[in-house]
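Colleague: There's a structure below that I have some questions on.
Derivation of every value follows stated rules applied to the coordinates shown; laboratory data play no part. Here the structure is a predicted model, which means the values were calculated and not measured. All Cβ positions, glycine included, derive from the backbone under ideal geometry; neighbour counts span all protein chains shown.
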Amino acid sequence: STGRGAKAKKSRSSRSSRAGLLFPVSRIDRQLRRGRFAARLGARAPVFLAAVLQWVTHKTMDMAGKITKKSNQQRISPCHLQMAVQNSSALKHLLGGGPRHRSRAVPQSRHVASPSKKKKTKSRKR
């Protein structure tokens, strides 16, 4: 029937799926509103923040996975994440150098120590 009562049902889709994101836009929106960071929030603010968080997570995990593979291990550990942040200039700038633990030393890339070759200048006496 084509009367007033017949309405087409709209299929519901989340804001994350509409934006093409994996991170939850609605949850970020709720936390932004509860946090009272601003008096007013735009509709696109949580979408943008979710996209940025997803990008940072993807880049960090991708680099940590490569580091894990190089060290012939199966699992990504916290030190792999820390090394990934330290090796990327963008992540280091964004995250401030990564988390700092007082209990363990930060693993550094291991270079073989070689004797330094300094040129010795001979002073001539006249």
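Colleague: So how far apart, in nm, are the two label points at Ser89 and Gln74 if each is 7 Å from Cα heading toward Cβ?
Modeller: 3.8 nm
Colleague: Using the Cα gyration tensor of region 15-95, with a ≥ b ≥ c the square roots of its eigenvalues, what is the shape: rounded (a/c below 1.5), prolate (a/b larger than b/c) or oblate (neither)? Let's see the in-between values first.
Modeller: Numbers: a/c = 3.02, a/b = 2.21, b/c = 1.36.
Note, shape of region 15-95 comes out prolate.
Colleague: Right, something else. Mind ranking 40-50, 12-22 by how tightly packed they are, going by the mean number of other C-beta atoms within 10 angstrom, highest first? Provide the component values of the computation, followed by the final result.
Modeller: On the way: 40-50: 14.2, 12-22: 12.5.
Descending mean neighbour count gives 40-50, 12-22.
Colleague: Further question: About the Cα centre of region 15-95, what is the dipole size in debye to 20, counting +1 per Lys and Arg Cβ and -1 per Asp and Glu Cβ, all else neutral?
Modeller: Working: 15 positive and 2 negative charges, 57 e Å.
It comes to approximately 280 debye.
Colleague: While we're looking at this one, here's another question. Rank Val85, Ala39, Val52 by how far each Cα sits towards the positive end of the charge dipole of region 15-95 (+1 on Lys, Arg Cβ; -1 on Asp, Glu Cβ) and give me just the farthest.
Modeller: Sorting the options by dipole projection puts first Ala39.
Colleague: Mind checking which of Leu94, Phe23, Met63 is farthest towards the positive end of region 15-95's charge dipole, using Cβ charges of +1 (Lys, Arg) and -1 (Asp, Glu) about the Cα centre?
Modeller: Phe23
Colleague: With contacts defined as alpha carbon pairs under 8 Å and 6 or more residues apart, what's the relative contact order of region 15-95 in percent?
Modeller: On the way: 57 pairs, mean separation 18.3, N = 81.
Contact order relative to length: 23 percent.
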